[in-house]
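Worksheet for the structure shown next.
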Amino acid sequence: MTIRNVIVVCDYAYIEGGAARVAVQTAVELSKRSNLKVYFFAGCGEPCQELVQSSVQVISLGMYDLLGNPSKLDAMKKGIYNRKAGKLLEDLLNTLKENETIIHVHTWTKVLSSAIFAIADKKNIPVFLTVHDYFLTCPNGGCYDYVKNEICERKPMSLNCVVCNCDSRHYYYKVWRCMRQFRQNRVMRNCKNIRYIFISEFEKKQLVRRFGEPKWQFMLKNPSTFSERKRVLAEKNEIYLYIGRVSEEKGVPLFCEAVENAGVKAVVVGDGGLKKDLEKKYPDITFTGWLEKAQIDQWIEKSRCLIFPSRWYEGSPLTVPEVQAYGIPCIVTDCSAAVDNIVTEKNGLIVKADRKEMCSAIAKMANDEIVAKMSCNTFELFDEKSYSNDVYIKNLLQIYEKGV
């Protein structure tokens with residue numbers, strides 16, 4: 001098979017989150033760095049400027065996403081299986097030669113549904129699926145109990161799973177999610193043409209033990225760009241930094257409790273549902289809200305250490321490598337994929353999602369000599385090229401070739 005057409009599939013035609021950003025970047029960079037004809041097939045929204053200004057051919061269906069649909073009944077129905085999205089993908093495939101075309105899926109759960117996999121299987125088109133989350137196996141996509149605020153070890157879609165009220169909204173949503181998962185499992189587990197691209201070893205481990213070992217599997221780090229590299233003298237700084245969504249599963253309450261107990265200066269960069277409550281409870285912590293990248297870089301340069309206190313798995317968080325590019329050591333929890341970026345005692349510390357352990361790690365970081373050594377190690381160990389678009393596209397094209 002000679003690949004001439006790549007259809008990048010994403011729920012959104014704009015950068016709605018981390019996975020959509022990688023999808024857009026994949027399409028744009030493929031169009032620049034290969035001879036392939038690149039299509040971007042999206043369910044919702046107007047195309048972002050990155051796509052508009054590229055040679056990528058964008059097909060946006062103009063549909064509602066699950067939360068934006070004014071009809072809850074329609075959202076429920078299409079969320080389980082979006083026949084129209086599948087039909088429109090089939091229409092596109094009918095214009096292309098089957099033996100020259102592949103599909104690269106990034107997201108599908110908020111608009112497109114598993115219908116796209118059914119159509120690809122029907123047309124016998126190879127599918128490459130970048131696994132950004134845990135929707136392959138878990139109805140809520142996180143392997144996380146949002147009610148108890150803990151990682152869920154129940155067998156996905158078992159009776160124990162189905163009856164568990166773990167949803168962040170209401171158990172009714174959980175019932176609907178299980179209906180969607182049941183339909184998705186019927187489709188995807190019978191598809192013989194899916195090649196799975198994992199984005200971290202940690203993520204792969206957690207999914208394989210729940211989903212099973214896929215026949216076709218690859219590893220590919222998400223790309224990222226970094227500002228001009230320079231080592232920050234972390235040992236001269238005092239601020240303990242958190243960057244990300246301000247929510248329970250991200251471990252922000254744990255972060256606030258630990259830094260307050262340790263009596264250190266702390267900054268939270270980001271926004272979310274818990275921000276207002278935490279601001280009132282912890283007046284000594286600076287909460288900045290969402291910031292532009294240049295402003296975030298300024299806080300990184302003032303930081304002594306990044307704390308990544310996540311209580312859930314994550315896929316492959318880019319916050320950690322983004323600060324490591326500056327030589328900032330990190331304290332990360334052992335239950336998240338951030339551990340893949342840490343060599344213990346060299347460029348950071350790994351702790352349990354526990355206040356006592358985190359306070360102990362912060363106390364260790366009070367030693368300027370230890371921080372200086374870790375900062376130098378962090379800067380030297382960091383491999384910027386491995387996150388570059390050049391390396392990403394080169395490795396992706398090799399995966400395409402091996403996969404067909």
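Before moving on, here are some points about what is shown:
- When each of Asn190, Asn165 is tested for being over 19 Å from the mean Cα position of the chain (by Cα), free of Cβ contacts under 8 Å to residues at least 60 places away in the same chain, surrounded by fewer than 16 Cβ atoms within 10 Å (Cβ to Cβ) and on the phi < 0 side of the Ramachandran plot, the lone residue that passes is Asn165.
- Unmet criterion (only one of (1) at positive phi; (2) assigned to a helix (DSSP H, G or I); (3) of a type outside the set (A, V, I, L, M)) for Glu50: (1)
- Phe255 meets the conditions (1) in contact with a helix residue (DSSP H, G or I) (Cβ under 7 Å, 6 or more places away or on another chain); (2) in the same structural domain as Ile362 (by TED's automatic domain parsing); (3) of a type in the set (A, V, I, L, M, F, W, C) in every case but one. The failed one is (1).
- Here Asp354 meets each of (1) surrounded by fewer than 16 Cβ atoms within 10 Å (Cβ to Cβ); (2) among the acidic types (Asp, Glu); (3) at pLDDT 95 or above with one exception, condition (3).
Per-residue answers, yes or no, for (1) touching a Ser or Thr at 6+ places or on another chain (Cβ under 9 Å); (2) modelled with pLDDT under 95; (3) of a type in the set (Gly, Ala, Ser):
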position	(1), (2), (3)
Gly141	yes, yes, yes
Pro156	yes, no, no
Tyr172	no, yes, no
Val175	no, no, no
Phe182	no, no, no
Glu201	no, no, no
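- Residues being under 30 Å from Leu30 (Cβ atoms) and either over 20 Å from the mean Cα position of the chain (by Cα) or in a loop (DSSP other than H, G, I, E, B) (or both) - total across segment 217-261: 12
- Number of the exception - Asp340 against (1) within 19 Å of Ala262 (Cβ to Cβ); (2) at pLDDT 95 or above: (1)
- Check on Arg304, outside the structural domain of Asn185 (by TED's automatic domain parsing) and at pLDDT below 95: no
- So Gln206, is it over 17 Å from the mean Cα position of the chain (by Cα) and either buried (at least 18 other Cβ atoms within 10 Å of the Cβ) or part of a loop (DSSP other than H, G, I, E, B) (or both): no
- Criterion applied to Ile307, Ile331 was being under 16 Å from Val246 (Cβ atoms) and buried (at least 23 other Cβ atoms within 10 Å of the Cβ), and the one residue passing it is Ile307.
- For segment 10-29, the criterion of a residue being modelled with pLDDT of 95 or more, assigned to a strand (DSSP E or B), among the β-branched types (Val, Ile, Thr) and more than 22 Å from Asp121 (Cβ to Cβ) is satisfied by no position.
- Helices (runs of 4 or more DSSP H) (entirely within segment 62-150) containing at least 1 residues that are under 19 Å from Cys178 (Cβ atoms): 72-80, 115-122
- Residue check, Tyr134 over 30 Å from Lys72 (Cβ atoms) and at pLDDT 95 or above: no
- Glu401 vs. criteria over 16 Å from Leu241 (Cα atoms) and in contact with an Asp or Glu (Cβ under 9 Å, 6 or more places away or on another chain): no
The values are calculated or read from the model by the stated rules, or taken from the named source; none is laboratory data. In this text, all values refer to a predicted model and were calculated from it rather than measured experimentally. Neighbour counts run over all protein chains shown; Cβ positions are idealised from the backbone, glycine included.
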